[in-house]
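This report concerns only the one structure given below.
The values are calculated or read from the model by the stated rules, or taken from the named source; none is laboratory data. For clarity, every value in this text was computed on a predicted model and none was experimentally measured. Heads up, the Cβs are rebuilt from the backbone with ideal geometry, glycines too, and the neighbour counts pull from every protein chain shown. Note: accessible area is taken over every heavy atom of the protein model, side chains too, but ligands, DNA and RNA are not part of it. Shrake-Rupley method; radii C 1.70, N 1.55, O 1.52, S 1.80 Å.
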Amino acid sequence: QGSMLEYFSSTPTFNVAEDKSQMGAVTESFRKKTIFRSKHPSHSVASWGKDAEWFVKDHQKDNSPFGKNSPFFKAYIRKGKVLCIGSDIGQVSIYHVAEELTDFPKEVYLKKIYEAKVITPENKKIKVISKVHDPTQTKYRIDNDINTRKRLEKYFIKMGCLKTISVGKGKCSLIEIDPTINMLIKGAKSGCTIYGDLNNL
């Protein structure tokens, strides 16, 4: 809820074991049933199943929520999938992995590095630093702009990395992470991004 900037500007203290998910009832219910949760204050991920601990381990050690220690990057190298149930493909954090893996053509992060306090499940207090997305760059980003979202959805389907079906009155979308990120990396090199720069698409 809210922007990364708003969150980090509030000088937060994130309690890994106790703080509720801010992404809705489904994720909060899932969090309560899991043992493993990453220690990144703004993009914490709960994990369950095979290699659950590995997926969330060391997330707090990167200076970005989407770096090579993040569950998002690990899902990419494991060729995972994102399932959107009754939600749009705009609200998918995995896209930001591409920003970490290429010379990204837009300055999407603020220059200032922010800091938050984190209380671990072992009740240790640590400090976590993180880059923060610049809210002035997000107006035409896939999560905020319907035209960007529709164009990228059609492109993802055309390229075979997105499948959609209807379930009742809702829509489900299945995103193949590996080809999607590779496509976004390639697109970034020609100036095409999820931030609405789609002239070269």
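Some points to look at:
- Subset of the stretch 121-150 that is assigned to a loop (DSSP other than H, G, I, E, B) and among the basic types (K, R) - its residue that is nearest to I181 (Cα to Cα): R141
- Checking F36, F104, F72, F30 one by one, the residue that is closer than 22 Å to R141 by Cα, of a type in the set (F, W, Y) and over 14 Å from the mean Cα position of the chain (by Cα) is F104 and no other.
- Taking the stretch 150-175 as the range and being within 14 Å of S87 (Cβ to Cβ) and among the hydroxyl-bearing types (S, T, Y) as the test, the residues that pass are T164, S166, S173.
- Restricting attention to the stretch 61-96 and to residues that are part of a loop (DSSP other than H, G, I, E, B), in contact with a His (Cβ under 9 Å, 6 or more places away or on another chain) and open to solvent by less than 30 Å² (accessible area, probe 1.4 Å), the residue that is nearest to I194 (Cα to Cα) turns out to be F66.
- If the condition is being of a type in the set (A, V, I, L, M, F, W, C), within 19 Å of the chain's Cα centre (by Cα) and farther than 15 Å from G90 by Cα, then the stretch 162-187 contributes M183, I185.
- Among the residues of the stretch 117-139, those that are modelled with pLDDT of 95 or more and in contact with a helix residue (DSSP H, G or I) (Cβ under 6 Å, 6 or more places away or on another chain) comprise V128, V132, H133.
- Between E99, E115, E153, the distinction of being in a strand (DSSP E or B) and either in contact with a Leu (Cβ under 7 Å, 6 or more places away or on another chain) or among the acidic types (D, E) (or both) belongs to E115 only.
- Checking each residue in the stretch 79-137 for being farther than 23 Å from K186 by Cα and of a type in the set (D, E) picks out D88, E115, E122.
- Residue in the stretch 104-116 that is open to solvent by less than 70 Å² (accessible area, probe 1.4 Å) and either more than 30 Å from K150 (Cβ to Cβ) or among the small types (G, A, S) (or both) present: yes
Rundown of residues vs (1) open to solvent by 50 Å² or more (accessible area, probe 1.4 Å); (2) over 26 Å from K74 (Cβ atoms); (3) aliphatic (A, V, I, L, M); (4) in contact (Cβ under 8 Å) with a residue 24 or more places away in the chain, yes/no style:
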position	(1), (2), (3), (4)
E99	no, no, no, yes
H133	no, no, no, yes
E153	no, no, no, yes
I157	yes, no, yes, no
C161	no, no, no, no
T164	yes, no, no, no
P179	yes, no, no, no
